[in-house]
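Read the structure below first, then the notes.
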Amino acid sequence: MKKLLSILLGLSLLTALPVHAGHAIGYGQGTQTDAANVPLGALDFDAQYRQYGAYATTPDKHRIILTFDQGYENGYTDDILDTLAEKHATAIFFLTGDYAKKEPELVRRMIDEGHMLGNHGMTHASLPCLSHDEAVEEISSLHEYVIEKYSYKMQYFRCPCGEYSEEALQTLQELGYRTVFWSGAHVDWLTDDQPDPDAALAKLVGQAHGGEILLLHSVSSTNAQILGDLIDALRAKGYTV
């Protein structure tokens, strides 16, 4: 975990391109990639916004970081944690306020087993839709709750709905947060329309790239089923997970 922290905290700053503060932007890494299979949308995001401590990839080209969004519990997180323990892998779990309040045993297990907790907003509100004071409350209220309830200080934020603005990124930076987006994902959040496990595994392995931040949702039965094979396949390609 210390090595992961040093990688995330040691990212160099890149020059930002001008944007309009306060304008809501929907993030997407896109399908076009460079020669190293890294999505161009993720690289563009890094170039524009890393000055605010916001990023979609990491510079360690031998590493892939697993992240899970925890909006609500669907019965698969225990299995996911079991697999991570079996494979000696760690992840970042981005909690909403509802999850932090309703699932104390699972949150405590995440902490006890060496995973990191991230802030996904107290109410999962889109930050650009809030006033500055409302955004501060959305971020800080969950931050303080997790400190009080779990004695854990979160330092990474994932923007709800994948929506952000320059002003929102500045606010997060002012509050001491780094903002984590992603460079790899699949359509895994539709609980009544889950992707075929074999197809999902092939897609995730095929899009793998060095420095990847992989977004998964813990509500997905497919993710719970394929996670062990995914970790094995990524390691077989030479990546540290």
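The values are calculated or read from the model by the stated rules, or taken from the named source; none is laboratory data. Predicted model, so just to flag it, every value in this text is computed and none were measured. Quick reminder, even Gly has a Cβ in these numbers, built from the backbone with ideal geometry, and neighbours come from all protein chains shown.
Take K149 and decide whether it is under 19 Å from N223 (Cα atoms) and among the basic types (K, R). No.
When the test is whether a residue is surrounded by fewer than 18 Cβ atoms within 10 Å (Cβ to Cβ) and either without any contact (Cβ under 8 Å) to a residue 60 or more places away in the chain or closer than 21 Å to Y150 by Cα (or both), K87 does not pass it. Being surrounded by fewer than 17 Cβ atoms within 10 Å (Cβ to Cβ) and not in a loop (DSSP other than H, G, I, E, B) is the filter here, so list the residues in segment 195-227 that pass it. Within segment 195-227, P197, D198, A199, A202, K203, V205, G206, S221 qualify. With respect to being assigned to a strand (DSSP E or B), in contact with a strand residue (DSSP E or B) (Cβ under 9 Å, 6 or more places away or on another chain) and under 22 Å from E163 (Cα atoms), I92 fits the description.
Taking first residues from segment 127-141 that are on the phi < 0 side of the Ramachandran plot and partners that are among the charged types (D, E, K, R) and part of a helix (DSSP H, G or I), the Cβ contacts under 7 Å between residues at least 6 apart in sequence or on separate chains come to L127/E138; L130/E138. Selection of segment 50-82 for residues being farther than 24 Å from K101 by Cα, buried (at least 16 other Cβ atoms within 10 Å of the Cβ) and either touching a helix residue (DSSP H, G or I) at 6+ places or on another chain (Cβ under 6 Å) or of a type in the set (D, E, K, R) (or both) yields R50, Y52, G53, A54, Y55, A56, T57, T58, D60, R63, I64.
Could you look through segment 143-171, keep only residues that are within 30 Å of E105 (Cβ to Cβ), crowded, with 17+ Cβ neighbours inside 10 Å and of a type in the set (A, V, I, L, M, F, W, C), and pick out the one that is farthest from the chain's Cα centre (by Cα)? My answer is V146. Could you check how many residues of segment 28-40 are under 25 Å from H62 (Cβ atoms), part of a loop (DSSP other than H, G, I, E, B) and either at pLDDT below 95 or not β-branched (V, I, T) (or both)? Number satisfying all stated conditions: 8.
With respect to the conditions (1) loosely packed, with under 13 Cβ neighbours inside 10 Å; (2) among the aliphatic types (A, V, I, L, M); (3) under 14 Å from the mean Cα position of the chain (by Cα), L190 lacks only one, and its number is (3).
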